[in-house]
1. Within the bounds of the range 134-143, is there any residue that is among the polar types (S, T, N, Q), near ligand 1 (Cβ under 9 Å from one of its atoms) and under 18 Å from HIS108 (Cβ atoms)?
2. Look through the range 55-79, keep the residues that are open to solvent by less than 40 Å² (accessible area, probe 1.4 Å) and without any contact (Cβ under 8 Å) to a residue 40 or more places away in the chain, and return whichever of them is farthest from PRO7 (Cα to Cα).
3. Give the residues of the range 156-182 that are farther than 22 Å from GLY97 by Cβ, within 13 Å of ligand 2 (Cβ to nearest atom) and in contact with a helix residue (DSSP H, G or I) (Cβ under 7 Å, 6 or more places away or on another chain), sorted by residue number.
4. Which one is surrounded by the most Cβ atoms within 10 Å (Cβ to Cβ), of the residues in the range 174-201 that are under 21 Å from MET37 (Cβ atoms), over 15 Å from the mean Cα position of the chain (by Cα) and aliphatic (A, V, I, L, M)?
5. What tally of residues in the range 15-54 results from selecting those that are in a helix (DSSP H, G or I) and either surrounded by 11 or more Cβ atoms within 10 Å (Cβ to Cβ) or within 17 Å of the chain's Cα centre (by Cα) (or both)?
6. Based on what the data block shows, is ARG12 open to solvent by less than 90 Å² (accessible area, probe 1.4 Å), in a helix (DSSP H, G or I), modelled with pLDDT of 95 or more and not hydrophobic (A, V, I, L, M, F, W, C)?
7. Can you tell which of GLU120, GLU103 is more than 12 Å from ligand 2 (Cβ to nearest atom), of a type in the set (D, E, K, R) and touching a residue at least 24 places away in the same chain (Cβ under 8 Å)?
8. Inside the range 1-54, can you point out the residues that are in contact (Cβ under 8 Å) with a residue 40 or more places away in the chain, of a type in the set (A, V, I, L, M) and over 21 Å from TYR201 (Cβ atoms)?
Amino acid sequence: MTVVDHPIIRERLTHIRSTDSSTAEFRHALHDIARLMTFEVTKDLETITVEVETPLKKTEGHAFERPIVLVPILRAGVGLLNGFTEILTEASVGYIGLSRNEETHQPHSYYCKLPANITEAEVILIDPMLATGGSAADAADELKNAGATRLRFACLIAAPEGVAAFEERHPDIPVFAAALDERLDENAYIVPGLGDAGDRYFGT
Ligand code: PRP
Ligand code: URA
């Protein structure tokens with residue numbers, strides 16, 4: 001996995017973790033980190049050469065070789081979406097709805113709506129939390145079952161247990177996180193983490 005380490009990301013992450021931050025501050029910091037992470041997460045996207053005409057002459061330019069599809073895992077993944085689409089302005093968006101059972105910690109799938117071009121696209125799965133890894137791994141299964149072959153996963157905070165579980169089920173999918181935290185607690189929450197990402201982002 002890759003930890004996207006940058007002073008601005010570290011500073012914003014502090015606002016996200018803090019219980020003193022308001023919903024607005026949490027949203028704003030999450031949005032900033034998503035924008036900043038986009039550069040590292042897409043660093044190896046392939047481009048093709050295109051011709052472009054400047055006011056002076058024709059020259060060589062570049063375009064993405066394949067369409068890009070962003071797939072946030074509902075609900076909390078929505079918090080990262082706008083930061084990515086502000087940079088990847090032409091990306092299509094699909095949604096996968098998963099909810100973790102509070103006792104078993106197993107994800108339950110309740111929604112899946114993906115764009116038709118998912119089979120040919122570069123797909124970026126996004127969710128702030130990689131805790132046990134069950135939600136992200138199930139979402140990746142759904143994407144592969146839909147025909148996606150070029151996948152990467154971006155999250156805000158990962159637990160070592162989640163990274164190991166995800167990489168075991170999907171060794172072909174690169175994982176990016178803004179922080180790798182210490183561990184999971186007895187409720188499968190990330191420590192130190194930020195608490196419940198969906199509740200904090202949606203103010204619920
Ligand atoms: C959170 C989070 C991830 C999942 C991570 O979602 O956004 O999707 O938990 O946990 P895991 O790695 O152990 O599967 P949650 O199920 O709480 O749903 P929500 O986003 O609707 O609040
Ligand atoms: N889901 C969250 O929102 N937070 C965690 O720490 C773990 C799962």
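1. Within the range 134-143, the first condition is being among the polar types (S, T, N, Q), and the residues that meet it are 135.
From the residues that got through so far, the ones that are near ligand 1 (Cβ under 9 Å from one of its atoms) too are 135.
This time we only want the ones that are under 18 Å from HIS108 (Cβ atoms), so: 135.
Yes.
2. GLY61
3. Across the range 156-182, the qualifying residue is only ALA179.
4. In this case the residue turns out to be ILE190.
5. Of the residues in the range 15-54, 21 are in a helix (DSSP H, G or I) and either surrounded by 11 or more Cβ atoms within 10 Å (Cβ to Cβ) or within 17 Å of the chain's Cα centre (by Cα) (or both).
6. Values: open to solvent by less than 90 Å² (accessible area, probe 1.4 Å): yes; in a helix (DSSP H, G or I): yes; modelled with pLDDT of 95 or more: yes; not hydrophobic (A, V, I, L, M, F, W, C): yes.
So ARG12 passes the test.
7. Values: GLU103 fails: touching a residue at least 24 places away in the same chain (Cβ under 8 Å).
GLU120 is the lone residue from the list that is more than 12 Å from ligand 2 (Cβ to nearest atom), of a type in the set (D, E, K, R) and touching a residue at least 24 places away in the same chain (Cβ under 8 Å).
8. Residues satisfying the conditions are MET1, VAL3, LEU45.
The values are calculated or read from the model by the stated rules, or taken from the named source; none is laboratory data. From a predicted model like this one, the values you see are computed outputs, not experimental measurements. No Cβ is skipped: glycine too gets one built from the backbone with ideal geometry, and neighbour counts run over all protein chains shown. The area values use the complete protein model at the heavy-atom level, side chains included, leaving out ligands, DNA and RNA. Shrake-Rupley method; radii C 1.70, N 1.55, O 1.52, S 1.80 Å.
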